[in-house]
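**Student:** Sending over a structure as structure tokens; questions will come in a sec.
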Amino acid sequence: MRVAILGAGSIAYGNAALLASLGHEPVLWSPSGKTGQSIVAGRPLAATGSLDGSFKVTMATSAGDAIAGADAVLLALPANGHRMAMDAAAPHLASGQIVIISSHTSFSGLYIAKKIAERGLDIPVVVWGTTVTAGRRTGDASVNVSTIRSKVDIATIPASAGARGLKICQELFGDRFVERSDALAISLSNLNPQNHLGIALCNFTRMEHGETWGQNENNTDSVGRLLEALDAERLAIAEAAGYKVRTIREHYNLSFHVEPGPVGEMARQLAARGNGGNGPDSIDTRYVLEDAPFGLHPTVLLGKLTDRPATLHQAGIDVFSALYGRDFASENDLLDDIGLETMSLAELKTLVRDGWSASQAK
């Protein structure tokens, strides 16, 4: 199948290499237009790590060119680029296609679903709880794939199109997807923002000094306890909203195949195996710039909706805002258009289940 991949970073390159290895036709689009010029010139995409080889991929010059004729449109870029990419893509989408978001943060699935409803199109939006691949882009046409996850939670907006969404994802990436009830369950299953908060905050000066440091070996027992305390807030919100989600320990066990136990202990198992790679070597990192406004802030709002305050999540936003001299909560450019802050929990659950009607979207 032809797959338009909106993005040209680590996750986009990892997905492109994996799709090409499975016999599909990935077409990348770089929103900045700067990345992938060697691919434009005909150079193959080289992958190392968990996926090894050189793969033929294409780099489109515009979102429209990437999307034209695609069976699926995969959004694979940081959440602070979702609105820009979705606004660029929306006019070119056509009924019969499917949109996939890797991974779902800040209810961006509702944002693009609203754009689709405004045009009266029949396009399901599939949201993933995390990425299928993890790694780092190592050059203009190269990527190191550190992980190919064996289990990824997904849901579809509207939920009635779930079977179609699951089938397409399986045809593209294989039998690794676990269907959840709706997109709110997916949002509550995404552990990356809370995990990145603890890891980045506790290793902040390493990032600011530009050090090279192993992420798992520095995910110590103390950091692990912080991650589990953050996880307890997420679990309380999920329970109050009526959802059963995996704990951080279950996530580590299923995603990385380590024996269950305290998070610090599980991280040591990963470090001993050489898994996980290095942490960020700059404070200009998605662990903060993406996850504070688009991951932690929505969790805080969900805590208010469910009367389960996410005090540690809010503290993390406040500390990061002080460290950077910014107001990270105000940098979220999706939630105002979705209207999350003015919704009730019941209204939000209806919306993630049924999607937008044409009249609601307008």
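The values are calculated or read from the model by the stated rules, or taken from the named source; none is laboratory data. Since the structure is predicted, the reported quantities are computational estimates derived from the model, not experimental observations. Neighbour counts are summed over all protein chains in view; Cβ atoms, including those assigned to glycine, are modelled from backbone coordinates with ideal geometry. Only protein heavy atoms, including side chains, enter the accessible area calculation; ligands, DNA and RNA are left aside. Shrake-Rupley method; radii C 1.70, N 1.55, O 1.52, S 1.80 Å.
**Student:** Look at region 54-82 and say how many of its residues are in contact with a Pro (Cβ under 9 Å, 6 or more places away or on another chain) and either assigned to a strand (DSSP E or B) or of a type outside the set (A, V, I, L, M, F, W, C) (or both). Steps first, please.
**Tutor:** Initially, region 54-82 is screened for residues in contact with a Pro (Cβ under 9 Å, 6 or more places away or on another chain), giving 54-58, 63-64, 74, 77, 79-81.
From the residues that got through so far, the ones that are either assigned to a strand (DSSP E or B) or of a type outside the set (A, V, I, L, M, F, W, C) (or both) too are 54-56, 58, 64, 74, 80-81.
Selection size over region 54-82: 8.
**Student:** Still on this structure, I have one more. If Ala232 meets every condition in (1) surrounded by 18 or more Cβ atoms within 10 Å (Cβ to Cβ); (2) at pLDDT 95 or above; (3) not in a loop (DSSP other than H, G, I, E, B) apart from one, which number is that one?
**Tutor:** (1)
**Student:** Something else now. Restricting attention to region 202-229, which residues are open to solvent by 20 Å² or more (accessible area, probe 1.4 Å) and under 20 Å from the mean Cα position of the chain (by Cα)?
**Tutor:** Once the filter is applied, which keeps residues that are open to solvent by 20 Å² or more (accessible area, probe 1.4 Å) and under 20 Å from the mean Cα position of the chain (by Cα), region 202-229 yields only Gln215.
**Student:** State whether one or more residues within region 41-50 are among the hydrophobic types (A, V, I, L, M, F, W, C), within 20 Å of the chain's Cα centre (by Cα) and open to solvent by less than 60 Å² (accessible area, probe 1.4 Å).
**Tutor:** If we filter region 41-50 for residues that are among the hydrophobic types (A, V, I, L, M, F, W, C), which is where we start, we get 41, 45-47.
The next check asks that each one be within 20 Å of the chain's Cα centre (by Cα); those that pass are none.
No.
**Student:** With the checklist (1) within 15 Å of Ala134 (Cα to Cα); (2) of a type outside the set (Lys, Arg); (3) surrounded by fewer than 18 Cβ atoms within 10 Å (Cβ to Cβ) in hand, flag the one item Tyr252 doesn't pass.
**Tutor:** Going through (1) within 15 Å of Ala134 (Cα to Cα); (2) of a type outside the set (Lys, Arg); (3) surrounded by fewer than 18 Cβ atoms within 10 Å (Cβ to Cβ) one by one, Tyr252 breaks only (3).
**Student:** Would region 351-360 turn up any residue that is within 19 Å of Ala229 (Cβ to Cβ), touching a helix residue (DSSP H, G or I) at 6+ places or on another chain (Cβ under 9 Å) and aliphatic (A, V, I, L, M)?
**Tutor:** The first filter runs over region 351-360 and keeps only residues within 19 Å of Ala229 (Cβ to Cβ), leaving none.
The answer is no, given that none of the residues of region 351-360 is within 19 Å of Ala229 (Cβ to Cβ), touching a helix residue (DSSP H, G or I) at 6+ places or on another chain (Cβ under 9 Å) and aliphatic (A, V, I, L, M).
**Student:** Mind listing whichever residues of region 15-39 are at pLDDT below 95 and aliphatic (A, V, I, L, M)?
**Tutor:** none
**Student:** Any residue in region 30-48 that's under 13 Å from Ser142 (Cα atoms) and in contact (Cβ under 8 Å) with a residue 60 or more places away in the chain: show its pairings with residues that are surrounded by fewer than 18 Cβ atoms within 10 Å (Cβ to Cβ) and aliphatic (A, V, I, L, M) at Cβ separation under 8 Å, as long as the two are six or more apart or on different chains.
**Tutor:** From region 30-48, no pairs qualify.
**Student:** Could you tell me which residue of region 353-362 is nearest to the chain's Cα centre (by Cα), considering only residues that are within 11 Å of Lys114 (Cα to Cα) and surrounded by 14 or more Cβ atoms within 10 Å (Cβ to Cβ)?
**Tutor:** If we filter region 353-362 for residues that are within 11 Å of Lys114 (Cα to Cα), which is where we start, we get 355-362.
Adding the requirement that they be surrounded by 14 or more Cβ atoms within 10 Å (Cβ to Cβ) leaves 355-356, 361.
Values: Gly355: 20, Trp356: 22, Ala361: 24 Å.
My answer is Gly355.
For every residue, the table says whether it meets (1) open to solvent by 60 Å² or more (accessible area, probe 1.4 Å); (2) among the polar types (S, T, N, Q); (3) within 22 Å of the chain's Cα centre (by Cα); (4) modelled with pLDDT of 95 or more.
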| position | (1), (2), (3), (4) |
| --- | --- |
| Gly303 | no, no, yes, yes |
| His313 | no, no, yes, yes |
| Asp336 | yes, no, yes, no |
| Thr342 | yes, yes, no, no |
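**Student:** What pairs come out if I take residues in region 230-243 that are among the basic types (Lys, Arg) and pair them with residues that are not in a helix (DSSP H, G or I) whose C-beta lies under 8 Å away, six or more apart or interchain?
**Tutor:** Filtered contacts from region 230-243: Arg234/Leu191; Arg234/Val245; Arg234/Ala310.
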